[in-house]
Amino acid sequence: MKWRKQLLTAVLCAGVVALAACSGNEASGEEEADDAVNTEGAGQAEETDTSHEGAEEEAFAFKAPLTGKGTDEELSHTAFGVMVENSANARPQTGLYQADLVYEVLSEGNITRFLAVYHSQKPEMIGPVRSAREYYVHLNNGYSAIYAAAGGSPGGLALAEGPDTPFISGLAYDGRYFTRSSERRAPHNMYTGYENLKEASLQIGHDLEDEPPALTFDETPAEGKAAVGMEINYGSAGNNVRYEYDADLGAYKRSNGGSAILDHRDGTPVAPVNVLAVVMDHQVIDDQGRREINLSSGGKAYLFREGVVEELEWQNVDGRILPFKSGEPAGFLPGQTWINVIPSEDRLTIQD
C-alpha cells in the first residue's frame, strides 16, 4: 500500500508541475503575441486608446483661454478685436477661421458685421477692416482686447477713442499698419495682420500683457436635440446665414447669402466648433438703420455643438456674452466659437 501512495503522490505532483508549466507557456505566448501586434501598430484597443489619451492630456502645459486647446506656450498676452466687414463686396473675408471667437451682429439695415477676436493664432492678413459701433466696442472690452476699426458711427467712434478702450485706428494708420488691396474697391479693401497690430500697439503704448478671461469648456457629450443645420434670417436672402454640421470636421460649416465661406487667401472653410445664437432686443435709432442692442438683459440662447442644440439662457458677465444652464455656466467644446446675435427667436430655424 505504501508504494501505491508514493506512486499516486508522484503522479499528482507531475500533473501539477505540467499544468503550471502549461499555464506559464500560455501567458508567455499571449505577451509575445501582444508585443508582435503592438509592433504592427494595433494591439488591444482599450489599452492603446487609454495610453494615447493620457499622452494627449500630458502633451501640453497650457490651454488657450479662448479656445480651450492645448498649447506649449503660455498665452499671457493681450487679444486683438478687429472689426471685419460682411457686405457682399467684402466676401470672402480673410483670416476669419483663425479667430478664437467671433461675434456676428447687425450693423445697419440687413447687413451684419463681425468682431473677430484673435489671441491663440497670429494670421498674416485680416480683413476687410471696417467701422465701429458702440455694442461692438462693449463686446471687445469684455475680453480686455485692443480694438481695431476704420472709423465708426458717432457713438461707436467716441467710445473706441475713449479712455476705457485701447484703440488702433485704421484710418490714422492707413498705409502703415493697414494696407489697401488692389483686388477690391474702397472701402472694402483695407487689411491688417497680427504683427502689424502688435507693432501699432507698441507704437501707441497699449498694454500687450493683459490676458483675456478664459471661457468655460466642457468635453462631455452634448445634450439636447439633433441639429445638423440651422439658418439665421438677418432680413434678406443675400445676408442670411446657414451653418451645416460636418461630422468629419466636428464643426459647423458656414455659408452666407447661399455661398460657402472659404478664406479668400487659402480657401480654408470657416467652420466653428461652437455656435451660440442669442436673442437680444434691437432698436433702430436712425434713418441709416443703425441700432441700439441690449447687451445686458439676458435671455434665450441656443448652443450648437456636435450636431446637437441645447436651449439655454445667456448672461452678460463683465462684458462677455456667455451661456448658462440652470444658473451655472455651460461649457463650449475646445475650438472656435461664433456668437450670433439675433433680434428675435423666430429668426432662427433649426434643421434636425
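Given R₀ = 30 Å, what would the calculated FRET efficiency be for Glu124 paired with Leu202, taking r from the Cβ atoms and rounding to 0.05?
The value I calculate is 0.95.
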#### Entry: segment 221-352: mean projected area of Cα convex hull, nm²
9.2 nm²
### Task
Would you kindly find the accessible area of Asp207, with a 1.4 Å probe and non-protein molecules such as ligands, DNA and RNA excluded, rounding to the nearest 10 Å²?
90 Å²
#### Entry: Over 18 Å (Cα to Cα) - which of Lys63/Lys225; Lys69/Lys325; Lys225/Lys300 fall in this group
Lys63/Lys225; Lys69/Lys325
### Query
Hey, with R₀ at 56 Å, roughly what FRET efficiency would Glu311 and Gln288 work out to, going by the Cβ-Cβ distance, to 0.05?
0.95
### Task
Tabulate in residue order the Karplus-calculated ³J(HN,Hα) for segment 200-208, using 6.51 cos²θ - 1.76 cosθ + 1.60 with θ = phi - 60°, rounded to whole Hz; enter x for Gly and Pro.
4, 4, 5, 5, 7, x, 6, 6, 9
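If R₀ is 22 angstrom, what is the calculated FRET efficiency for the pair Thr268 and His77, using the beta carbon separation as r and rounding to 0.05?
E(calc), rounded to 0.05, equals 0.40.
Hey, what does the equivalent ellipsoid look like for segment 143-291, semi-axes from the Cα gyration tensor as sqrt of 5 times each eigenvalue, largest first, whole Å?
31, 21, 20
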### Message
What is the distance in Å between the Cα centroid of segment 97-115 and that of segment 154-200?
### Response
16 Å
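If you stretched the chain out fully between Glu195 and Gln351, how much longer would it get, using 0.36 nm times the residue separation minus the C-alpha to C-alpha distance?
52.1 nm
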### Message
Quick check: Cα centre of segment 304-319 to Cα centre of segment 253-283, how many Å?
### Response
16 Å
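The values are calculated or read from the model by the stated rules, or taken from the named source; none is laboratory data. Bear in mind that the values here come from a model prediction, so they are computed numbers and not experimental data. A quick note on method: Cβ atoms are made from the backbone with ideal geometry, for glycine too, and the neighbour counts reach across all protein chains shown. Keep in mind that these areas ignore ligands, DNA and RNA; they rest on the heavy atoms of the full protein, side chains included. Shrake-Rupley method; radii C 1.70, N 1.55, O 1.52, S 1.80 Å.
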